[in-house]
Amino acid sequence: MKKPVFMKGNEAVIEGAIAAGCKAVLGYPITPSTEGLEYAVKRMRQIGGIAKQMESEAAVSHALYGAGAVGIRAMTITSGPGFNWMHDAVDYMATSEVPTNIIDIMRGGPALGNIAPSQSDVRSAKGGANGDYRTIILAPSSVQNLADFTFLAFELADKWRNPVFVLGDGMLGQMKETLILPEPITELPEKPWRLSGAKNRPPNKFIPFDLNPAGLEAINKKLDRKYNQIKETEIRYEAINIKKPDILVVAFGLVARIIKSVIKEAEKENLSIGLIRPITLWPFPDEVINQAAERTNKILVVEMNMGQIVDDVRLAVNGKTPVKFYGRAGGLITTTEEITEKIKEVLNIVKGEVQR
Amino acid sequence: MKKVFSRPKSLTKIPFHYCAGCDHPIAHRLIAEIIDELEIRERLIAVWPIGCSVMGDKYFDLDSILASHGKAPAVATGVALGRLTNPDVLIFTYQGDGDMVSIGLGEIIHAANRGELFTAFFINNAIYAMTSGQMAPTTVVGQKTKTCPLGRDPKVHGYPIRMCELLQTLLTPAYIARVALFDAKHINKAKKAIRKAFQFQMDGKGFSFVEIISACPTNWKAKYPECREFIKEKMLPVFPLKEFKTFQIDNEGEKNV
């Protein structure tokens with residue numbers, strides 16, 4: 001058993017990446033994720049990798065496209081507005097099937113917003129660039145998760161030759177927690193498709209365009225087949241007490257962790273709360289939510305935004321049960337008391353009696 | 001009988017799609033000849049741009065990646081990380097004036113200033129050609145385009161941006177030269193500059209840059225002889241042909257001249 005370490009989230013990301021064989025970190029300073037790049041500069045020097053501060057987030061994403069194409073495990077860590085600009089090359093990477101890893105420590109949006117914690121980048125993560133592409137999105141709820149999911153992101157990115165995002169709520173990057181670092185991998189996958197000079201083989205190419213509409217449709221269909229395979233195999237979630245709860249709560253990231261406290265408190269009042277925590281925001285765990293919706297008649301989605309997964313939940317529920325929403329935005333962290341109150345409101349509890 | 005002329009091996013058999021009189025094919029061919037002569041085809045990765053040369057990968061028999069608008073130098077920066085596992089890799093980018101000097105100005109300056117180890121080819125024909133003839137940052141004063149139909153007016157559009165002069169202000173780049181292709185003498189000079197640029201990269205000296213003044217008969221709406229005159233009379237006074245910077249080694253060690 002490895003010894004636990006006490007570490008800041010932004011640093012745990014880099015350790016998770018190093019365990020996954022990451023050899024290059026590209027970045028541009030932005031609060032609240034900047035310590036990731038700073039820490040990477042130190043650690044990459046120690047392990048013989050490269051950390052590079054680029055001129056902009058857009059340049060970072062294009063450099064990641066190049067790094068992915070030559071088969072180097074590379075990543076970046078950014079926040080909010082930076083994540084927007086990182087989308088500059090995400091469509092190129094997705095279309096030409098170049099793996100990459102972008103860690104977004106989400107801050108209050110939209111626009112410059114602020115630097116307080118938030119979950120405001122889910123929508124942009126699901127389609128911030130043009131065309132029919134998909135990215136795998138992982139949502140950690142602890143510093144341990146940040147390290148583990150960054151590690152997992154590298155594995156998934158290479159497995160599917162696709163960009164993978166880790167969306168951490170702002171405070172995850174900033175807070176320190178005890179964690180066990182992932183076991184370093186010893187073997188990296190072979191990448192016969194990488195750019196290395198066309199020696200004894202035909203040229204390898206990453207050319208994400210086709211002037212012929214039929215050719216471009218074929219590219220779209222090929223990608224769509226891959227996305228369907230990802231949907232079949234990579235859905236991850238955590239489910240607690242979903243057999244027959246008085247109310248089912250759907251929440252991701254740190255909010256899901258707050259909900260767990262709510263569940264414990266509510267038990268004292270003989271109130272049964274279920275939780276589904278999507279770990280992959282894409283592919284979304286719609287099947288389990290759909291089934292759970294059959295066993296409860298109240299669903300509440302709680303987010304630190306104005307509702308960015310609530311539409312996914314409604315699609316998953318498909319009208320079986322009304323879906324209510326509670327969110328705090330602008331960098332405000334929702335509390336157990338607020339959520340408990342909201343749950344009681346949804347359950348229409350009068351004088352301690354649940355109106356079932 | 002001795003073979004004195006043939007298609008460079010680094011080119012595929014696909015015929016160029018470029019318009020008659022366009023200078024891209026000459027630039028392509030010179031680069032391909034140098035790749036053959038230096039025997040570096042199997043070490044090369046080409047980074048292609050958006051613009052008329054967007055299909056460069058079809059003509060060059062090389063590992064290739066297509067960069068988004070103006071972003072070839074950033075992509076090349078990432079491609080250069082491939083040297084972590086494959087130190088022999090050589091890289092060139094190929095961009096036009098709209099791509100490099102407008103939408104990608106930041107990326108080229110910073111890649112040059114970091115001293116990224118790749119060779120940047122810059123085709124300057126003073127116009128957006130693929131989008132059919134709009135004003136470029138390098139359009140010369142008085143030159144008429146679809147977006148400056150009365151001619152480029154410095155009061156409205158400013159003066160053309162001169163890339164070699166701009167990059168020359170940086171201390172880092174190893175080699176900066178501007179060449180042209182309008183006659184045999186200049187084509188030979190251009191070829192020498194291309195060779196030198198690759199050589200600087202192979203020797204690990206740093207970032208190398210060759211600007212190639214080119215004609216665009218289609219969008220200049222002129223026959224090639226008129227294009228030649230336009231280059232000589234209108235472009236060269238603004239874009240003088242010379243080596244702006246060569247990294248030299250003398251008794252006191254390495255220095256930039």
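The values are calculated or read from the model by the stated rules, or taken from the named source; none is laboratory data. It should be emphasised that the depicted structure is a prediction, and the values quoted were computed from it without experimental measurement. With ideal geometry, Cβ positions are generated from the backbone for all residues, glycine too; neighbour counts draw on all protein chains shown.
Check A:THR150, A:THR95 and return the single one that is under 12 Å from the mean Cα position of the chain (by Cα) and touching a residue at least 40 places away in the same chain (Cβ under 8 Å).
Details: A:THR95 fails: under 12 Å from the mean Cα position of the chain (by Cα).
From the options A:THR150, A:THR95, the qualifying one is A:THR150.
Does B:HIS24 satisfy the condition of being more than 14 Å from chain A (Cβ to nearest Cβ) and in contact with a Leu (Cβ under 8 Å, 6 or more places away or on another chain)? Explain how you work it out, then say what you get.
Working: more than 14 Å from chain A (Cβ to nearest Cβ): yes; in contact with a Leu (Cβ under 8 Å, 6 or more places away or on another chain): no.
Answer is no for this residue.
For the stretch A:36-53, give me each residue that is of a type in the set (D, E, K, R) and either closer than 15 Å to A:ALA20 by Cα or away from chain B (no Cβ under 14 Å) (or both). It would help to see each step written out before you state the result.
Filtering the stretch A:36-53 down to residues of a type in the set (D, E, K, R) leaves A:38, A:42-43, A:45, A:52.
Of everything in the stretch A:36-53, those that are of a type in the set (D, E, K, R) and either closer than 15 Å to A:ALA20 by Cα or away from chain B (no Cβ under 14 Å) (or both) turn out to be A:GLU38, A:LYS42, A:ARG43.
Condition first: farther than 18 Å from A:GLU238 by Cβ and surrounded by 21 or more Cβ atoms within 10 Å (Cβ to Cβ). Now tell me which residues in the stretch A:305-316 satisfy that.
Residues satisfying the conditions are A:ASN305, A:GLN308, A:VAL310.
Could you grab me the full set of residues in the stretch A:158-193 that are of a type in the set (Asp, Glu) and in contact (Cβ under 8 Å) with a residue 24 or more places away in the chain?
Narrowing the stretch A:158-193 to residues of a type in the set (Asp, Glu): A:158, A:169, A:177, A:183, A:187, A:190.
If the condition is that a residue be of a type in the set (Asp, Glu) and in contact (Cβ under 8 Å) with a residue 24 or more places away in the chain, then A:ASP158, A:ASP169, A:GLU177, A:GLU183 are the ones that fit.
Exactly one of (1) of a type in the set (Phe, Trp, Tyr); (2) in contact with a Leu (Cβ under 9 Å, 6 or more places away or on another chain); (3) farther than 19 Å from A:ALA67 by Cα is unmet by A:PHE165. Its number?
For A:PHE165, the exception is condition (3).
Can you list the strands (runs of 3 or more DSSP E) lying wholly within the stretch B:157-257 that have 1 or more residues being modelled with pLDDT under 95?
Fully inside the stretch B:157-257 and qualifying: B:242-250, B:253-256.
So how many residues does the stretch A:52-71 have that are over 10 Å from A:LEU195 (Cα atoms) and part of a loop (DSSP other than H, G, I, E, B)?
Residues of the stretch A:52-71 over 10 Å from A:LEU195 (Cα atoms): A:52-65.
From the residues that got through so far, the ones that are part of a loop (DSSP other than H, G, I, E, B) too are A:54-56.
Count: 3.
Looking only at the stretch B:10-31, decide whether some residue is of a type in the set (Gly, Ala, Ser) and at pLDDT below 95. Quick ask: steps written out before the conclusion?
Taking the stretch B:10-31 first, the residues of a type in the set (Gly, Ala, Ser) are B:10, B:20-21, B:27.
If we keep only those that are at pLDDT below 95 as well, we get none.
The answer is no, given that none of the residues of the stretch B:10-31 is of a type in the set (Gly, Ala, Ser) and at pLDDT below 95.
Out of A:GLU55, A:GLU35, I need the residue that is surrounded by fewer than 24 Cβ atoms within 10 Å (Cβ to Cβ) and either touching a residue at least 60 places away in the same chain (Cβ under 8 Å) or over 24 Å from B:GLY70 (Cβ atoms) (or both). Which one?
After applying the criteria, what remains is A:GLU35.
Scan the stretch A:41-51 and tell me whether some residue there is in a helix (DSSP H, G or I) and under 20 Å from the mean Cα position of the chain (by Cα).
There is no residue in the stretch A:41-51 that is in a helix (DSSP H, G or I) and under 20 Å from the mean Cα position of the chain (by Cα).
Here are the criteria: (1) within 14 Å of chain B (Cβ to nearest Cβ); (2) under 30 Å from A:PHE209 (Cβ atoms); (3) not aromatic (Phe, Trp, Tyr). Tell me which single one A:THR78 does not satisfy.
Unmet for A:THR78, out of (1) within 14 Å of chain B (Cβ to nearest Cβ); (2) under 30 Å from A:PHE209 (Cβ atoms); (3) not aromatic (Phe, Trp, Tyr): (1).
Looking at the structure I just gave you, is B:MET235 within 17 Å of the chain's Cα centre (by Cα), in contact (Cβ under 8 Å) with a residue 12 or more places away in the chain and over 19 Å from B:THR119 (Cβ atoms)?
Yes: the conditions hold for B:MET235.
Could you please find all residues in the stretch A:263-281 being in contact (Cβ under 8 Å) with a residue 40 or more places away in the chain and farther than 23 Å from A:GLN308 by Cβ? Walk me through how you get there before you give the answer.
To start, the set of residues in the stretch A:263-281 that are in contact (Cβ under 8 Å) with a residue 40 or more places away in the chain comprises A:265-266, A:269, A:271, A:273, A:277-281.
Those that are in contact (Cβ under 8 Å) with a residue 40 or more places away in the chain and farther than 23 Å from A:GLN308 by Cβ: A:GLU265, A:ALA266, A:GLU269, A:LEU271.
From the residues in the stretch A:7-35 that are assigned to a loop (DSSP other than H, G, I, E, B), touching a strand residue (DSSP E or B) at 6+ places or on another chain (Cβ under 8 Å) and not aromatic (Phe, Trp, Tyr), which one is farthest from the other protein chains (Cβ to nearest Cβ)?
That would be A:PRO32.
Go through the residues of the stretch B:129-150 one by one and say whether even a single one is within 16 Å of the chain's Cα centre (by Cα) and within 9 Å of chain A (Cβ to nearest Cβ).
No: zero hits.
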